[in-house]
Amino acid sequence: MAAMREAWTDERLNDLSRRMDRGFDRVDADLRALNARLDGGLDSVQWRIDGLQGRIDGLQGTMDSLQRTMLQVGVGLIAALVGVIASVVVLVFAATADASPGSGPPAIVAMGDSFISGEGGRWLGNGSESGETRSGTDRAAFGCGARGCEYEPALVYGDSEANRCHRSDVAPVRSAPVAVAAKVNLACSGARLENLWPSALGGREHFGEPPQVDQLAAVARRDDVRMVVLTAGANDVGFGRLVADCALDWARSSERRPAYCRESAQAEVEAALPAMERGLEKTLRSVRAALAATGYDADDYRLVTMGYASPFPAGRWVRYPEAGWSRLNQGGCPVWNADADWAAGVGIDSIVAAMRRAAAASDADFLDLRHALDGHQVCDRRARRVGLEGPSPETAEWVRRLAFVQGSSRESLHPNAYGQRAIGACVGLLFVRPRGDYACRATPGRSYVDGVDLESLD
């Protein structure tokens, strides 16, 4: 049961200093561009001077007065060249003053924790078979044959498998149908808000990586950032740990004398929410400050705070009975109906409400995902486990079941590959809408391709 807990344990900058740093960076870039433009001109002048020197050598000793004349001509050419350089410098700096920030390709950026990093993206639903490809759901399976399959999570998580950030190839920012050249995922599984704050404001590295706002500053200099989508805060209130505690309460009690977690869990959430809300405001303001220091105006990009969705449906939708062990052994959703109601209701609602208040205080848009996985959550009777027919986004669950043997337990109760694509579809719809707050909703029994809609909250 300890593994269950582990599975879910998941400004003001010195403005003058930062702006000077950014200014020097831009001056360096301008001078490099100037050098490139002048190289050809200087080569040409050098050729002429070389020729002039040869002629002077030939006349050496016989026409001193002519030599002096020629040298005076050379000095005049150099003086003229200096004037040209000065003019070019003025033009370059004038052009720079009018340039847009981010000279690279247009980009969208994801920041935050495991919900947005792509944790769980290995799975296409939850398979009924325990071996080989797990009913075709395990995207890390390869080399399958008579002796079974081999498994390589890096096929899904790439280099981030090594440091456990678990940025999947179908993470929302990667799968969003947005017409930009660069989709940058800075989010990391297990991150707390302090892992997003810049180091100058007390930010801490996570899994060997610098704070995410510091990473964003580098991206903003390289790319033309059009949108930043940020999801964080659940780890700060301990939502994952609390859900794991609910599962433990289920396992330790019986239907005759159930031990519910909802009241104590909600008390812990409410106690932690004020600090989480302040920390999220600090994060969002730090994002704004980092982009401003890089030369961005507020109108140059869109800052979006994206909420969470419960891994469980409301208790009435759970397809396994409360009695017996089928919720654990078959479904991977070992909670009482009352606690599922808490997780899908007031528990997630209170976290999302605090996130939306922080977004409003920071002039950021908000994307509500509480219904983005409807009909496809783990153990939802409107979906089913994948069998011999193979996975389908219309009928499969979009959340990874609680699992201890297949894959990493850290993936448990996160949106799987289908869920991440659904959230990516929400981000794609948001990208083309006017700025404001929106809610994304899935239609049970339909795919994320045509079953996800966006509605305005303003």
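The values are calculated or read from the model by the stated rules, or taken from the named source; none is laboratory data. Nothing here was measured: the structure is a model prediction, and the numbers come from that model. So basically every Cβ, Gly included, is an ideal-geometry build from the backbone, and we count neighbours across all protein chains shown.
With the condition kept exactly as written, say whether any residue in region 75-87 is on the phi < 0 side of the Ramachandran plot, assigned to a loop (DSSP other than H, G, I, E, B), more than 21 Å from the chain's Cα centre (by Cα) and modelled with pLDDT under 65. Quick ask: steps written out before the conclusion?
Filtering region 75-87 for residues on the phi < 0 side of the Ramachandran plot gives 75-87.
Restricting the remaining residues to those that are assigned to a loop (DSSP other than H, G, I, E, B) gives none.
The answer is no; no qualifying residue exists.
Condition check for residue 346 on (1) assigned to a helix (DSSP H, G or I); (2) buried (at least 22 other Cβ atoms within 10 Å of the Cβ); (3) β-branched (Val, Ile, Thr): one failure, at (2). In region 112-119, the count of residues that are buried (at least 24 other Cβ atoms within 10 Å of the Cβ), within 28 Å of the chain's Cα centre (by Cα), among the hydrophobic types (A, V, I, L, M, F, W, C) and more than 21 Å from residue 192 (Cβ to Cβ) is zero.
Looking at region 308-317, can you tell me whether even one residue there is among the polar types (S, T, N, Q) and touching a Lys or Arg at 6+ places or on another chain (Cβ under 9 Å)?
Let us first name the residues in region 308-317 that are among the polar types (S, T, N, Q), namely 310.
Next cut, touching a Lys or Arg at 6+ places or on another chain (Cβ under 9 Å) only: 310.
Yes, region 308-317 has at least one match.
Restricting to region 236-258, count the residues that are in contact with a Phe, Trp or Tyr (Cβ under 9 Å, 6 or more places away or on another chain) and under 25 Å from residue 173 (Cβ atoms). Here the count works out to 3.
Got a sec? Which of 254, 286, 310, 264 is under 30 Å from residue 222 (Cα atoms) and of a type in the set (S, T, N, Q)?
Details: 254 fails: under 30 Å from residue 222 (Cα atoms); 310 fails: under 30 Å from residue 222 (Cα atoms); 264 fails: under 30 Å from residue 222 (Cα atoms).
The conditions single out 286.
Here residue 241 meets the list (1) within 26 Å of residue 354 (Cα to Cα); (2) at pLDDT 95 or above almost entirely, failing just condition (2).
Each row is one residue, and each column tells you yes or no for (1) among the β-branched types (Val, Ile, Thr); (2) within 18 Å of the chain's Cα centre (by Cα); (3) over 18 Å from residue 190 (Cα atoms).
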site	(1), (2), (3)
271	no, no, yes
306	no, yes, no
310	no, no, no
323	no, no, yes
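Would you mind finding the one in 155, 124 that is within 30 Å of residue 306 (Cβ to Cβ), among the aliphatic types (A, V, I, L, M) and surrounded by fewer than 19 Cβ atoms within 10 Å (Cβ to Cβ)?
155
Residue-wise test of (1) under 31 Å from the mean Cα position of the chain (by Cα); (2) among the polar types (S, T, N, Q); (3) at pLDDT 95 or above.
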{"residue": "259", "(1), (2), (3)": "no, no, yes"}
{"residue": "281", "(1), (2), (3)": "yes, no, yes"}
{"residue": "300", "(1), (2), (3)": "yes, no, yes"}
{"residue": "346", "(1), (2), (3)": "yes, no, yes"}
{"residue": "350", "(1), (2), (3)": "yes, yes, yes"}
{"residue": "356", "(1), (2), (3)": "yes, no, yes"}
{"residue": "361", "(1), (2), (3)": "yes, no, yes"}
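Tell me yes or no: at least one residue of region 92-100 is at pLDDT 95 or above and either part of a strand (DSSP E or B) or of a type in the set (Ser, Thr, Tyr) (or both). No, because not a single residue in region 92-100 is at pLDDT 95 or above and either part of a strand (DSSP E or B) or of a type in the set (Ser, Thr, Tyr) (or both). The lone criterion from (1) acidic (Asp, Glu); (2) part of a loop (DSSP other than H, G, I, E, B); (3) at pLDDT 95 or above left unmet by residue 453 is number (2). Within region 408-423, the set of residues being surrounded by fewer than 24 Cβ atoms within 10 Å (Cβ to Cβ) and out of contact with any Asp or Glu (no Cβ under 8 Å at 6 or more places or on another chain) comprises 408 only.
Give the residue that is farthest from residue 361 (Cα to Cα), with candidates limited to residues of region 380-407 that are among the aliphatic types (A, V, I, L, M) and surrounded by fewer than 17 Cβ atoms within 10 Å (Cβ to Cβ). Reasoning before the result, please.
To start, the set of residues in region 380-407 that are among the aliphatic types (A, V, I, L, M) comprises 383, 386, 388, 396, 399, 402-403, 405.
Now restrict to residues that are surrounded by fewer than 17 Cβ atoms within 10 Å (Cβ to Cβ): 388, 405.
Numbers: 388: 50, 405: 43 Å.
Applying the filter and picking the extreme gives 388.
Inspection of region 103-116 identifies no residue that is outside any loop (DSSP other than H, G, I, E, B), at pLDDT below 95 and on the phi < 0 side of the Ramachandran plot. Do we find that residue 372 is assigned by TED's automatic domain parsing to the domain that holds residue 419, surrounded by 24 or more Cβ atoms within 10 Å (Cβ to Cβ) and over 30 Å from residue 264 (Cα atoms) in this structure? When the stated conditions are applied, residue 372 does not pass them. Among the conditions (1) farther than 27 Å from residue 404 by Cα; (2) hydroxyl-bearing (Ser, Thr, Tyr); (3) buried (at least 24 other Cβ atoms within 10 Å of the Cβ), the only one that residue 137 does not satisfy is (1).
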